[in-house]
Structure formats: structure tokens, C-alpha cells
Amino acid sequence: MDYILIIGLCATVLSVIGLIPQVWKTWQTKHSKDLSIKWLYMSTSAQLLWLIYGILGNIIPNIITASSMFILTVCLIIMKKMRRISKGENDGN
């Protein structure tokens with residue numbers, strides 16, 4: 001394994017570990033009001049593009065990071081939408 005791949009995999013681990021506490025806290029507290037839906041959508045779009053880039057370039061760290069972050073961010077979107085539906089809130093920021 002070369003050092004470039006090791007750096008990419010370390011970045012992957014740190015990126016995914018960095019988002020897990022937010023997902024976990026949102027799940028436990030059922031509180032997502034402070035999460036910007038615009039940011040969630042933009043982040044999800046960026047992660048999807050990074051995933052496509054990783055697949056096209058066969059860049060394993062990008063594929064792992066983008067797919068993991070995409071899944072975690074979609075979980076946040078789902079939790080935010082579920083909260084809004086249960087609270088009868090609109091789709092603003």
C-alpha cells in the first residue's frame with residue numbers, strides 16, 4: 001500500500017467519524033432544527049459528485065468516503081423531514 005492511499009484512507013476514516021456524532025445526536029435527541037436543509041442538500045449533491053468521480057477514477061478512498069458520507073447525510077435529511085412532518089413545520093431553512 002503506498003503512502004497516497006494511506007493518506008486517503010486516513011482522511012476517509014476521519015471524515016466519516018466526524019459526521020457520526022451529529023447523526024447519533026440527532027437520532028437520540030430527535031432535534032434537527034439547527035441543521036440547515038440547504039446545507040444538507042448541497043452536501044449530499046457534492047458527495048454524490050465525489051462518488052461519481054471516485055468510481056470513474058477508480059479511487060477507492062473517494063468511493064468509500066463519498067458513499068459513507070452520502071448515506072449519513074441522507075439519514076440526517078430523513079430525520080429532519082420526519083421531524084418536520086411530525087411537527088407540521090414548513091420546508092424552510
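The values are calculated or read from the model by the stated rules, or taken from the named source; none is laboratory data. Since we're looking at a predicted model, the values are computed, not measured. Here Cβ is always computed from backbone atoms with ideal geometry, including for glycine, and neighbour counts include all displayed protein chains. All accessible areas refer to the heavy atoms of the entire protein, side chains included, with ligands and DNA or RNA removed. Shrake-Rupley method; radii C 1.70, N 1.55, O 1.52, S 1.80 Å.
To the nearest 10, the accessible area of Met69 is 30 Å² with a 1.4 Å probe. Dividing the summed helix terms, -39500 (n - 2.57) for each DSSP H run of n ≥ 4, by the number of residues in the chain produces a 222 nm estimate of -29000 deg cm²/dmol to the nearest 500.
Extension gain, Lys25-Ile37: 0.36 nm per intervening residue step, less the Cα-Cα distance, totals 2.6 nm.
Between the residues Ala11, Asn58, Thr26, the greatest Cα displacement towards the positive end of the dipole of the chain, with unit charges on the Cβ of Lys, Arg, Asp and Glu, is found for Thr26.
Ile78 sits with roughly 90 Å² accessible to a 1.4 Å probe, with DNA, RNA and ligands left out of the calculation.
If the Kirkwood radius is taken over C-alpha pairs of the chain, then at 25 °C and 0.890 mPa s the Stokes-Einstein diffusion coefficient equals 173 µm²/s.
Relative contact order, whole percent, for the chain stands at 38, derived from Cα pairs under 8 Å and 6 or more residues apart. Of all the accessible heavy-atom surface of the chain, with the other protein chains kept in place and a 1.4 Å probe, what percent is carbon and sulfur? Within the chain, the accessible surface is 72 percent carbon and sulfur. In the chain, once you exclude exposed trypsin sites (Lys or Arg not before Pro) (DSSP loop, at most 12 other Cβ within 10 angstrom), what's the longest stretch remaining? In short, 34-93. The residues of the range 1-70 present an accessible area of 71 Å² per residue when probed at 1.4 Å with all protein chains retained. Taking springs between alpha-carbon atoms closer than 10 angstrom, which of Leu35, Leu56, Leu48 fluctuates most in the Gaussian network model of the chain? Highest fluctuation among the options: Leu56.
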